[in-house]
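Trainee: Sharing a structure here in structure tokens format.
The values are calculated or read from the model by the stated rules, or taken from the named source; none is laboratory data. Note that the structure is a prediction, hence the values are computed from the model and not measured. As a convention, Cβ positions derive from the backbone with ideal geometry for all residues, glycine included, and neighbour counts pool all protein chains shown.
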Amino acid sequence: MSGRGIPFVFDRLSEIRDQLHLYGFRLDPRPGTSYVDPTYAAEPRTGIVEVTAGLEDCPLDVRVQLVEQWRAGIDGAHAQRGLSVLAYTYWVGCVDPAIDLHYDLDPVRHPEMPLHWHPPAMTVVRRPCGPATPGRAMQAALQLAADIERLQAQGLNAAADIVDSLDLGDYVP
Amino acid sequence: MSDLDSRYLTVPQVAAELQMDASAVYKMCKSQQLPSVRFGKSVRIPRLAYERYLERLEGGRPKPLEHDSPGSQDQLEDFRDATGHDPETWIDGWRSGSIPDTPENTRLAIHALALRDAPRQRAKQTAALP
């Protein structure tokens, strides 16, 4: 490894992009690191990999936002090539109805429960879980889209009613 | 056929197209080799994901991404502009709970950590050079 930071983030971004393609997501084709409107970024200097993508072939606006911070050392998540992830957040959400969830590794704010997830809920809820991956978040996005469509076909339209009808077992890592 | 039926395939449909046993398709779904969802107790495969899976088998890959990597100083300034904080003070607020635990703030906290740690990481890597 050189003093140029972590070039592996470019490989990681390509890997995640390939997986997004397989799962049926599209990326905004513009690279961007804006904190207001992020698209995708691989930053070797900071070890950040970040992608926002939307589900194709779906009448709902379902998105994922995947953010990882890579660093030298193998004591974090997803360890490979002498590197690992110090912190991640994998967010999954539908715009309308507004329902979202996210999987976090956050040893700073929650050292007592660094691995946790925020299930779909109308209030802030945090629960322990196992390690998540970008693929797990993509899977959750597909499941959320399918569940919302299926429940809407049954006449449920309010976000709270849909959330109450979700089987959380399909989402927990 | 409903819209849902046209966009999601059943396991027997995929097994027939791939000329495989249904149990092999279930295994591919379970291992996430083939993306799938649950409709109650049944497993369905999104049609687009199935098509992408076939593309991948034939060697198809999306186009390479372009990269536009700003310098770390730009990132630091962008972070300050977006949050009104330095990474260190943001992390302090995040740790203490004075910053709300929202998805967007979780994301910003990761960026704050990365911006704070980048000089330390570079020093660590340089020290590790032979």
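Trainee: Taking B:GLN73 as meeting all but one of (1) more than 25 Å from A:THR133 (Cβ to Cβ); (2) modelled with pLDDT of 90 or more, write down the number of the exception.
Mentor: Looking at each condition in turn, B:GLN73 falls short on (2).
Trainee: State all residues of the range A:42-68 that are farther than 13 Å from A:PHE10 by Cα, more than 9 Å from chain B (Cβ to nearest Cβ) and of a type in the set (Val, Ile, Thr); if no residue qualifies, say none.
Mentor: Within the range A:42-68, A:THR52, A:VAL62, A:VAL64 meet the criteria.
Trainee: Within the range A:110-125, count every residue that is in a loop (DSSP other than H, G, I, E, B) and either more than 10 Å from chain B (Cβ to nearest Cβ) or surrounded by 22 or more Cβ atoms within 10 Å (Cβ to Cβ) (or both).
Mentor: 9
This table checks each residue for (1) more than 8 Å from chain A (Cβ to nearest Cβ); (2) small (Gly, Ala, Ser); (3) buried (at least 18 other Cβ atoms within 10 Å of the Cβ).
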| residue | (1), (2), (3) |
| --- | --- |
| B:VAL11 | yes, no, yes |
| B:MET28 | yes, no, yes |
| B:SER31 | yes, yes, no |
| B:VAL37 | no, no, yes |
| B:GLU51 | yes, no, no |
| B:LEU54 | yes, no, no |
| B:GLU66 | no, no, no |
| B:GLU88 | yes, no, no |
| B:SER98 | yes, yes, no |
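To keep it simple, each residue is scored yes or no on (1) on the phi < 0 side of the Ramachandran plot; (2) over 19 Å from the mean Cα position of the chain (by Cα); (3) more than 12 Å from chain B (Cβ to nearest Cβ).
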{"position": "A:TRP70", "(1), (2), (3)": "yes, no, no"}
{"position": "A:ASP75", "(1), (2), (3)": "yes, yes, yes"}
{"position": "A:LEU86", "(1), (2), (3)": "yes, no, no"}
{"position": "A:THR89", "(1), (2), (3)": "yes, no, no"}
{"position": "A:CYS94", "(1), (2), (3)": "yes, no, yes"}
{"position": "A:PRO97", "(1), (2), (3)": "yes, no, yes"}
{"position": "A:ASP100", "(1), (2), (3)": "yes, no, no"}
{"position": "A:TYR103", "(1), (2), (3)": "yes, no, no"}
{"position": "A:ARG127", "(1), (2), (3)": "yes, no, yes"}
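Trainee: Related question: Filter the helices (runs of 4 or more DSSP H) completely within the range B:9-83 down to those with at least 3 residues that are in contact (Cβ under 8 Å) with a residue 40 or more places away in the chain.
Mentor: B:47-57
Trainee: Just one of the numbered conditions (1) at pLDDT below 95; (2) closer than 21 Å to A:THR89 by Cα is not true of B:ASP92; which one?
Mentor: Here B:ASP92 clears every test but (1).
Listed here are the residues, each with its yes/no results for (1) modelled with pLDDT under 90; (2) under 15 Å from the mean Cα position of the chain (by Cα); (3) part of a strand (DSSP E or B).
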position	(1), (2), (3)
A:ASP11	no, no, no
A:LEU20	no, yes, no
A:GLN65	no, yes, yes
A:ALA79	no, no, yes
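Trainee: Mind telling me which of the residues A:LEU151, A:LEU142 ends up being aliphatic (A, V, I, L, M), in contact (Cβ under 8 Å) with a residue 40 or more places away in the chain and either within 12 Å of another protein chain (Cβ to nearest Cβ) or in a loop (DSSP other than H, G, I, E, B) (or both)?
Mentor: A:LEU142
Trainee: Determine if the range A:66-83 includes at least one residue that is closer than 30 Å to B:LEU4 by Cβ and either crowded, with 17+ Cβ neighbours inside 10 Å or acidic (Asp, Glu) (or both).
Mentor: Yes, some residue in the range A:66-83 is closer than 30 Å to B:LEU4 by Cβ and either crowded, with 17+ Cβ neighbours inside 10 Å or acidic (Asp, Glu) (or both).
Trainee: Of the conditions (1) modelled with pLDDT under 90; (2) surrounded by fewer than 24 Cβ atoms within 10 Å (Cβ to Cβ), A:ASP106 clears all except one; give me its number.
Mentor: (1)
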